[in-house]
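What follows is a single structure, written as structure tokens, with notes after it.
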Amino acid sequence: MKYTAIVLAAGKGSRMNSSVPKQYMDLDGYPLIYHALQVFEHSCVDEIILVTGPDDTEYCRKNFLEQYHLKKVTKVVPGGAERYLSVYQGLLAAKDTDIVLIHDGARPFVTDAIIKRTIDAAKQYGSGVAAMPVKDTIKIVDEQQFSVETPSRDHVWMMQTPQTFPYGSIRSAYEQIISRNIQNITDDAMAMELAFQKPVKLVAGSYRNIKVTTPEDMEIASIFMKHCKNEA
Ligand code: CTP
Ligand code: MG
């Protein structure tokens, strides 16, 4: 069986408010995106497709992949204006493969164990998406920010990546999303749910598998990096 990871790095990083684009910001001496790529490089995944901003493909190919000896990255493709459009570009480039793992490049703390859990579930259940139970109480609110509902914490999980599926089904889900012009698809599980009206299987990610989104996340990521080193 062939496993392909699609690593997304085509976002604008607007919530980071930084001069250097978020995916290239320094974390422990390397560009942020390097960390996730090197985990996949050393995993059971056979190939990696990196999705970057349209102006960054050459830069990544020349400087980045060679410099860091990322041999499993077979393609660098330009993404789209929204995450789901970038995923679609990655899926079009994937072609002959069996299992696809879609990963936010902005999650540097993905591990081999998480990758394997999502693959095993994808084989067994047709989907395996990394997630964790929420720690805070969640409120559904109305437009004026008055509380409407408090879902039971036992049933509320926050979604992470990788989100892993058989290639045929995730490709077909995205084909449907694009052809039906459905927008605001914020994760791949949602694309599957909308296309096939079927639930996806959640597996444990980790509380360290954060998405680096705002400047505070960069501070947390630096601390996690130090801990990773101490544990190694
Ligand atoms: N992403 C992408 N293409 C887009 C938008 C997002 O490939 N058009 C990727 C990002 O690079 C990131 C992941 O999807 O790795 C999750 O997105 P997010 O954390 O929202 O990153 P950005 O969209 O870059 O940040 P922001 O929303 O703050 O602009
Ligand atoms: Mg975004």
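The values are calculated or read from the model by the stated rules, or taken from the named source; none is laboratory data. Worth saying up front: this structure is predicted, and the values here are computed from it rather than measured. Counting neighbours? That spans all protein chains shown, and the Cβs are built from the backbone with ideal geometry, glycine included. What goes into the accessible areas is simple: the full protein's heavy atoms, side chains included, and nothing from ligands, DNA or RNA. Shrake-Rupley method; radii C 1.70, N 1.55, O 1.52, S 1.80 Å.
A compact table of results
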| item | result |
| --- | --- |
| Dipole of the chain, positive end: most advanced residue of S18, G53, I119 [Cβ charges, Cα centre] | I119 |
| Cβ-derived FRET efficiency at R0 22 Å, E193 paired with A81, nearest 0.05 | 0.45 |
| Listed residues I170, I178 arranged by accessible area, highest first, probe 1.4 Å | I178, I170 |
| Distant-in-sequence amide H partners of Q160 (H built 1.01 Å from N, under 5 Å) | A130, A131, M132 |
| Cα-centre dipole for segment 88-216 with unit charges at Cβ (Lys and Arg positive, Asp and Glu negative), debye to 20 | 320 |
| Probe 1.4 Å, protein heavy atoms only - accessible area per residue of segment 124-232 in square angstrom | 60 |
| Whole-percent pair-distance distribution, where bins are 5 Å wide, for the alpha carbons of segment 1-49 | 5, 19, 25, 20, 15, 9, 5, 1, 0 |
| Additional length obtainable on full extension of the chain from T213 to S147, 0.36 nm per residue less Cα span | 21.2 nm |
| Accessible surface of the chain, 1.4 Å probe, proportion on carbon and sulfur as whole % | 52 |
| Order by protection proxy (mean Cβ within 10 Å, highest first), peptides 145-152, 53-60, 34-41 | 34-41, 53-60, 145-152 |
| Under 18 Å, Cα to Cα: Lys pairs in segment 17-159, sequence gap 8 or more or different chains | 6 |
| Simple label model, 7 Å out from Cα along Cβ direction - H155 to T74, nm | 4.2 |
| Cα pair distances in the chain, grouped into 10 Å bins until the bin that holds the longest one, percent each | 8, 32, 38, 19, 4, 0 |
| Inter-site label distance for Q183 and I223 at 7 Å from Cα along Cβ, in nm | 3.8 |
| Computed magnitude of the charge dipole of segment 141-232 (debye, nearest 20; Cβ of K, R +1, Cβ of D, E -1) | 460 |
| Taking the C-alpha atoms of segment 76-131, convex hull volume expressed per residue in Å³ | 107 |
| Chain lengthening between K95 and I140 when straightened (0.36 nm per residue, less Cα-Cα) | 12.2 nm |
